[in-house]
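Structure, as structure tokens:
Laboratory data are not the source of any read-out in this text; all were calculated from the coordinates shown. Source: prediction; values computed, not measured. We place every Cβ from the backbone using ideal geometry, glycine too, and count neighbours over all the protein chains shown.
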Amino acid sequence: MKKEGVIPKRRLGKTGVDVSILGLGGEGILRTYGNEKEADRLINTAIDLGINYLESARAYEGSEGYYGAALKGRRDSVFLASKSHARDKKGALAHLHETLARMKAGHLDLWQVHDVRTEAEINEIFGPGGAIEAFVEARDKGLVRFIGVTGHHDPAVLKKCLERFDFDTVLMPVNPAEPAYKCFLEEIVPIAGAKDIGVIGMKTYLRGRLDMPKKLLFCYALTQAISTAVIGCDTVEQLKENAEAAAGFFPLKYKELQHVNNLVAPYARELMYYKL
């Protein structure tokens with residue numbers, strides 16, 4: 001029986017780690033500079049609320065530094081993730097060392113190849129001297145525990161990444177606009193399920209462009225075969241609203257999912273401007 005007010009956890013695929021179904025993303029107030037007090041409060045409030053999946057990226061301005069400052073004494077209680085957008089080994093390793101320094105961490109729980117969009121990027125990442133060599137080396141040296149990949153532009157590209165390498169996780173969009181356009185759920189979830197790859201959702205609220213209750217959108221996302229939905233926040237109030245939705249999560253019935261999809265379908269392409 002689920003305890004009232006407690007954010008449930010799910011197994012993150014083959015990692016075997018149980019993560020909160022709501023994760024704290026590295027955008028929002030965390031993707032800024034000069035907001036140390038607000039960022040510290042946001043991160044520590046997230047942990048206090050039971051959120052143990054915390055994520056950032058080398059590309060997210062001051063985000064990694066905020067985590068490094070806020071996680072004093074709490075690093076071992078969270079699953080810490082970041083990303084590198086470098087496509088070559090040298091650049092990715094440089095990113096990792098900067099990430100670890102800024103996060104004041106001896107290792108990352110999850111390091112992700114960030115935002116893969118094209119065939120050319122795939123060839124570079126997985127070719128000789130490509131970024132994937134850095135990820136494997138970092139894992140072998142104990143600097144990262146698990147390796148993931150992310151994408152929100154084209155599910156066919158992300159699928160090819162999963163076919164090229166044995167990733168532990170995949171981060172992708174999960175929202176009701178997806179089924180009417182290029183659907184990550186249809187392309188990625190089957191291969192992720194077959195390989196026990198942990199699926200992490202993003203773009204859950206479509207960046208606030210959809211006039212629909214956030215709790216409904218959150219329940220829509222977590223009804224899918226995903227482990228967690230990562231959401232950035234501008235304020236602690238937004239964070240608490242998200243945590244309340246997560247604690248009160250209930251799976252939608254098939255007819256309810258279809259109804260939401262049908263409502264959104266006429267506006268799907270416009271809503272998903274982030275892919276263009």
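Sequence-distant contacts, meaning Cα pairs under 8 Å at least 6 residues apart, place the relative contact order of segment 146-276 at 28 percent. Taken about its Cα centre, the chain carries a charge dipole of roughly 340 debye when the Cβ of each Lys and Arg holds +1 and the Cβ of each Asp and Glu holds -1. Counting only DSSP H runs of at least 4 residues, each contributing -39500 (n - 2.57), and dividing by the residue count of the chain, the helix-based mean residue ellipticity at 222 nm comes to -12000 deg cm²/dmol. Ranking I197, P128, G28 by how far each Cα lies toward the positive end of the dipole of the chain (charges on Cβ) leaves I197 at the top. Taking every C-alpha pair closer than 8 Å and separated by at least 6 residues, the mean separation divided by the residue count of segment 1-123 gives a relative contact order of 21 percent. Here is the link list: K195/K215; K90/K195; K104/K182; K90/K160. Which ones come out longer than 32 Å on Cα distance? Over 32 Å apart, Cα to Cα: K104/K182. Excluding same-chain neighbours fewer than eight residues apart, the aspartates and glutamates reachable from K253 by a Cα-Cα span under 19 Å are E178, E186. Counting only other residues whose beta carbon sits under 13 Å from that of R139, what net charge do I get with K and R as +1, D and E as -1? The answer is -4.
When its C-alpha radius of gyration is set against 2.2 N^0.38 Å (N residues), the chain gives a value of 0.95. Here A120 and R207 are evaluated by their C-beta separation; at R0 = 25 Å the FRET efficiency comes out at 0.40. Can you pull the one-decimal nm distance between simple spin-label points at E256 and D196, each 7 Å off the Cα toward Cβ? Once both label points are built, they end up 3.1 nm from each other.
The separation of segment 22-78 from segment 92-130, counted between C-alpha centres, amounts to 19 Å.
Across the chain, C-alpha contacts under 8 Å between residues 6 or more apart give a mean separation that, scaled by the residue count, equals a relative contact order of 22 percent.
For segment 93-152, the list of trypsin sites (Lys or Arg not before Pro) that fall in a loop by DSSP and count at most 11 other C-beta atoms within 10 angstrom reads K141.
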